[in-house]
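The values are calculated or read from the model by the stated rules, or taken from the named source; none is laboratory data. The structure displayed is predicted, hence computed values, not measured ones. Heads up, the Cβs are rebuilt from the backbone with ideal geometry, glycines too, and the neighbour counts pull from every protein chain shown.
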Amino acid sequence: MNPLLLFTAFCPRVVRLGRRFGVVVLLLGAFLVPWKVAAAGGGNGAVVPEATPVPAPPVPAPTEAASPNANCRMCHTNHRFQGRFQNGEIISLYVDEGAFGNSVHGPAGLECIACHPKTKSYPHQPSNPQIDCTTCHLVTDGTVGKVTRDLALTVDLPFADHRAMTLEINQACHTCHERAYTEAADSMHVRAMESGNRHAPVCADCHGSHAIATPGQPREKVTEICGQCHRAVYTTYRSSVHGAALAKDPTNADVPTCVDCHGVHSVRGPRSATFHNDTIAICGGCHQDPERMAKYGVSTAVYRTYLDDFHGRSVNLARLAGTGQNSPEATCFDCHGTHNIQAADDPRAMVTAENLQRTCQRCHKGANARFPQAWMGHRPPTWDTAPVVAAINMVYGYGLVPGVIGGFLVFIALDARKRWREKHRRWREAVAEAEKEIEAELGADDDHHPA
């Protein structure tokens, strides 16, 4: 007999309990399965298996503590951190982290001690402990509190004044920028410094300190930097044809700035030995470029005709000879101006019909009203514009000059031929005379010793 049937026959209560338990299990299953599917994202009714748990990635350690500049930032990111020079002058010691991070040195990973080698440890001056930990960290009941960033701090600096600090820190530029230092060794700025002018420009004056940007970007910034010292020149340049074009488009690479004419580190000026002669090559660098001049409707004949006239030939010969002396003849800026150059059709230009006589009188004191009419105005002479000059050029260029030079060459050739024939004749006569003397000596020997 089946035991299970025997058991259900004698225990009906157990059977009823088992049925109830089965109903409860079915109800719980009907409730839990849809909820689990929805929670797992199976909105379409499909059962999504549980994902295998993935351990969380390790949290990286903060980089600030590992940064070589972290210790410096603890104090120098305080807006109210100041330094006092020995003369009593106060300077802010705050360093903008954002400005340094966007500078050329920040992305390169330059450390503070690269430019401040004397501040490798703290305190910076062993004889002066400056400040201690409790100055910034508020200590209460043995618990260190948070750093008070806006706490006013003033420390003594080991420099007589601000300029003394700039000149000392500036020496650190030499360790990386050797080439720039070499180029600047003979510049006007270094000469001014060596003559005793401690305010002559150094690297930090032109490039800045912590927010050093890419040189020459934007180009307009170059003139602004130079204008910090040369304010009158800067104002004049801004009103010139070059300065106005740069102000209109600060990215225009065709417009000359201060460094294009005077150099970057090897700065030269009008007091340089050959600067006067070299200016024609500086101007010619742009004004003989057809592609560049075509953009502005300027003819390259301006430079070519200058080199063809008396002024240009004299200056250019002196420049190429390398005599080390400036030619007294007029260069481009003697007639057009230096920083105040205007377009030739501008009423303010030095070469307009109204101003040209006064311009010529700067060199030619007795120049009258008709004197400027002898100038062709950088226009090559043609049969239409100047027929007389064109005829003279043709006579000289195709007749007189080739005739004179050709005549001299023919004369030299004929003279050389004559001298060679004369020399050859004398040589033949000398040989014949020597042969006669030898024959005479042989005949005398035959007379003394007959056979």
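Some observations on this one:
Residue-by-condition table, conditions (1) loosely packed, with under 10 Cβ neighbours inside 10 Å; (2) assigned by TED's automatic domain parsing to the domain that holds Pro380; (3) part of a helix (DSSP H, G or I); (4) at pLDDT below 90:
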position: Gly399; (1), (2), (3), (4): no, yes, yes, yes
position: Ala416; (1), (2), (3), (4): no, no, yes, no
position: Ala434; (1), (2), (3), (4): no, no, yes, yes
position: Leu442; (1), (2), (3), (4): yes, no, yes, yes
position: Asp447; (1), (2), (3), (4): yes, no, yes, yes
position: Ala451; (1), (2), (3), (4): yes, no, no, yes
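- Note on the range 177-211: residues that are without any contact (Cβ under 8 Å) to a residue 60 or more places away in the chain, more than 16 Å from Cys226 (Cα to Cα) and not hydroxyl-bearing (Ser, Thr, Tyr) total 10.
- Long-range neighbours under 6 Å by Cβ, at least six apart or interchain, first residue closer than 18 Å to Val202 by Cβ and in a loop (DSSP other than H, G, I, E, B) within the range 214-229, second at pLDDT below 80 and of a type in the set (Val, Ile, Thr): none
- Identification of helices (runs of 4 or more DSSP H) wholly contained in the range 288-387 with 1 or more residues that are of a type in the set (Gly, Ala, Ser) and modelled with pLDDT of 90 or more yields 290-294, 310-321.
- Cβ-Cβ contacts under 9 Å between residues 6 or more apart (or on different chains), taken from a first residue in the range 81-99 that is among the hydroxyl-bearing types (Ser, Thr, Tyr) to a second residue that is surrounded by 14 or more Cβ atoms within 10 Å (Cβ to Cβ) and not in a loop (DSSP other than H, G, I, E, B), are listed as Ser92/Phe81; Ser92/Gln82; Ser92/Gly83; Tyr94/His76; Tyr94/Phe81; Tyr94/Gln82.
- Scan of the range 265-324 for residues that are surrounded by 15 or more Cβ atoms within 10 Å (Cβ to Cβ) and among the polar types (S, T, N, Q), ordered by number: Ser266, Ser272, Thr274, Asn277, Thr279, Gln288, Ser299, Thr300, Thr305, Ser314, Asn316
- Here the strands (runs of 3 or more DSSP E) wholly within the range 45-156 that include at least 1 residues being at pLDDT 70 or above and of a type in the set (Phe, Trp, Tyr) are 81-84.
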